[in-house]
Amino acid sequence: MNQEELTALIVIKVENLGIDYRTFEYDNQRAWIDTRLCIGGYNPNTATPFDHAHEYMHAYHKDNRRLGECDTLSPAEKRANKEAILMLWDWFIQNGGNFDDITQFCEITGCQYEATQRLIKSMCCDTTTKNFRECAIDYISRFDIRVLGHGLVEGGVEHRHLGHIVAQDGPAGLDADDVGRIMQRRQGGAVLHR
């Protein structure tokens, strides 16, 4: 798949969520979505497939709150970045890409190389014998995860008395790095390793 094909595919996915997603030549933004008004737009000259996938993730999760003018470190932004990379990576693998082609993947999609490499490599140690889906299942199965009401996720941390953190932050609030930092604080300097 090339950039145009990926863009067309993601735009259709966005529109299928009920978002009126239109082209417009913005000076300061490549893509945006307002889930409350069900509208969005993108600059066809600058928006990458990653930008569209990122905005799709916001629409999919119905993110409707910004933490400020520059909220790049908010839980919703972190989740949208990770899930956009994973969605695009899955399509890349399905279309003949492989784990040795991360640079090519980033060039096609516009994903940031360092974040992509860190995320993809953290998911699967033995990439020679498993496809992406198998790697994702293997990665997720390492954790004891239960879904609570309203989409809250409780992992294998309750015996460490961390359940209140999951309830506060919700499903987008924790990632592996966050859990590692929490575990480090709660156990007086001990570091969580896989």
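The values are calculated or read from the model by the stated rules, or taken from the named source; none is laboratory data. Fair warning: this is a prediction, and the values are worked out from it, not measured in the lab. A quick note on method: Cβ atoms are made from the backbone with ideal geometry, for glycine too, and the neighbour counts reach across all protein chains shown. Side chains included, ligands, DNA and RNA excluded: accessible areas come from the protein's heavy atoms. Shrake-Rupley method; radii C 1.70, N 1.55, O 1.52, S 1.80 Å.
Structure notes:
- Computed with every protein chain present, the accessible area of Leu37 is close to 120 Å² [probe 1.4 Å].
- In Hz, Karplus ³J(HN,Hα) per residue of region 5-17 (6.51, -1.76, 1.60; θ = phi - 60°; x = Gly, Pro): 5, 4, 4, 4, 5, 6, 4, 4, 4, 4, 5, 5, 8
- Taking all protein chains into account, the per residue accessible area for region 85-125 stands at 51 Å² (1.4 Å probe).
- Put simply, the amide H of Asn43, placed in the peptide plane, has neighbours under 5 Å in Phe24, Tyr26, Ala31, leaving out anything fewer than 5 places away on its chain.
- Using a simple spin-label model with pseudo-atoms 7 Å out from Cα toward Cβ, Ile12 and Cys38 lie 2.1 nm apart.
- Taking packing as the residue-averaged number of other Cβ atoms within 10 angstrom, the listed peptides 74-87, 106-119, 47-60 run from highest to lowest as 47-60, 74-87, 106-119.
- Label zone (Asn95, point 7 Å along Cα-to-C-beta; backbone nitrogen cut-off 15 Å) within region 39-61: 48-53.
- In this structure the amide hydrogen of Asp20, modeled in the peptide plane, comes within under 5 Å of the amide hydrogens of Ile39, Gly40, none closer than 5 places in sequence on its chain.
- Each residue of region 34-48 was assigned a 3J(HN,Hα) from its phi angle through the Karplus curve 6.51 cos²θ - 1.76 cosθ + 1.60 (θ = phi - 60°); the sequence is 10, 6, 6, 8, 6, 10, x, x, 8, 8, x, 8, 10, 5, 9 Hz, with glycine and proline shown as x.
- Each residue was assigned an accessible area with a 1.4 Å probe, and for Arg22 the value is about 150 Å².
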